[in-house]
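Student: One structure, as structure tokens, below. Some questions next.
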Amino acid sequence: MNPLIFLPGMMCDARLFGPQIETLSSVLPVMTFPLSQHDSVVAMAADILGNAPPHFALAGLSMGGIVAMEVLRQAPDRVARLALLDTNPLAELPEVKARRGPQMEAVRAGRLQQVMREEMKPNYLAESSRQGRILDLCMEMAVDLGADVFLRQSLALMNRPDQRAVLSSYRGQTLVLCGREDGLCPIERHQLMDDLLPNSTLKIVDGAGHLPTLEQPNETTEALSSWLENT
């Protein structure tokens, strides 16, 4: 079985996939690449390809999914199968791009935690008893990564390419998964990707928002296991 590469979302690291890594690493090699050193998705993808095995399964959540699509564009023959979680194949909308400027200025002024707490994290999760713990973990990941990573990732997202044509041409087994209550990357975006991909399965996870890997870890891991086993 090909190794599995996880690509985390903005201001997240391998902890985003903690439950999945714990389970899946017993059956295949699992790797996680940070998206912290470059300010474009093109450079991020090239860096991953320079360090990845010759062939691999690729799973990305949110920004990780955006970078995964760029990896696919650059080297489609190396991606054995693809999982796109709570992500978006479109270029950034002007109104979203306009909001990044004030966020970046606030982070430059030392207010990273405020930006994450007030402007971003409230949109992430469905209501649940574990919401507080997950938000605490998200804040820990963001603080550990720091302001410079926030600024680089913001620039990368602002200038990302549209990847619809890339998805239309990919024939590998693909899982398209999202939380039903995702306020950042709604179900319609995932239906679009499922329609574009010739060989895909769409999975909507109830009781989850933008981070189903942590909100509904068992169901998400089961979906990933089925995708890896599907021939």
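Student: List pairs: first residue in region 97-108 and in contact (Cβ under 8 Å) with a residue 60 or more places away in the chain, second residue surrounded by 13 or more Cβ atoms within 10 Å (Cβ to Cβ) and assigned to a helix (DSSP H, G or I) anywhere in the structure, Cβ distance under 9 angstrom, at least six positions apart or on different chains.
Tutor: LYS97/LEU157; LYS97/MET158
Student: Now a separate question. Give the residues of region 100-134 that are assigned to a helix (DSSP H, G or I), open to solvent by 30 Å² or more (accessible area, probe 1.4 Å), at pLDDT below 90 and within 24 Å of THR87 (Cβ to Cβ), sorted by residue number.
Tutor: ARG117, GLU118, GLU119, PRO122, ASN123, GLN131
Student: Cβ-Cβ below 7 Å, separation at least six or inter-chain, first residue in region 15-42 and among the acidic types (Asp, Glu), second in a helix (DSSP H, G or I) and modelled with pLDDT of 95 or more: which pairs?
Tutor: Final answer for the pair search is ASP39/ARG152; ASP39/LEU155; ASP39/ALA156.
Student: For the subset of region 203-222 comprising residues that are touching a residue at least 40 places away in the same chain (Cβ under 8 Å) and out of contact with any helix residue (DSSP H, G or I) (no Cβ under 6 Å at 6 or more places or on another chain), which member is most open to solvent (accessible area, probe 1.4 Å)?
Tutor: Ranking the qualifying residues of region 203-222, first place goes to ASN218.
Student: Which residues, taken from region 27-36, are modelled with pLDDT of 95 or more and surrounded by fewer than 16 Cβ atoms within 10 Å (Cβ to Cβ)?
Tutor: LEU28, PRO29
Student: Exactly one condition in (1) touching a His at 6+ places or on another chain (Cβ under 7 Å); (2) aliphatic (A, V, I, L, M); (3) under 17 Å from ARG164 (Cα atoms) is false for MET44; which is it?
Tutor: The single condition MET44 does not satisfy is (3).
Student: Condition check: in a helix (DSSP H, G or I) and within 16 Å of the chain's Cα centre (by Cα). Does GLN153 satisfy that?
Tutor: Against the criterion (in a helix (DSSP H, G or I) and within 16 Å of the chain's Cα centre (by Cα)), GLN153 qualifies.
Student: Additional query: Return only the number of the condition from (1) at pLDDT below 95; (2) open to solvent by 40 Å² or more (accessible area, probe 1.4 Å) that CYS185 does not satisfy.
Tutor: (2)
Student: With acidic (Asp, Glu), under 17 Å from the mean Cα position of the chain (by Cα) and open to solvent by 10 Å² or more (accessible area, probe 1.4 Å) as the only criterion, which of ASP39, ASP77 stands out?
Tutor: Going through ASP39, ASP77 in turn, the sole match is ASP39.
Student: Do you know which residues across region 158-174 are under 16 Å from the mean Cα position of the chain (by Cα) and either surrounded by fewer than 21 Cβ atoms within 10 Å (Cβ to Cβ) or on the phi > 0 side of the Ramachandran plot (or both)?
Tutor: Selection gives MET158, PRO161, ASP162.
Student: Tell me which residues, restricted to region 1-56, are polar (S, T, N, Q), in contact with a Pro (Cβ under 9 Å, 6 or more places away or on another chain) and either within 24 Å of ALA147 (Cβ to Cβ) or assigned to a loop (DSSP other than H, G, I, E, B) (or both).
Tutor: ASN2, THR32
The values are calculated or read from the model by the stated rules, or taken from the named source; none is laboratory data. These numbers were taken from a predicted model, which means no experiment stands behind them. All Cβ positions, even for glycine, are placed from backbone atoms using ideal geometry, and neighbour counts span all protein chains on display. We work out accessible area using only protein heavy atoms, side chains counted, and drop any ligands, DNA or RNA first. Shrake-Rupley method; radii C 1.70, N 1.55, O 1.52, S 1.80 Å.
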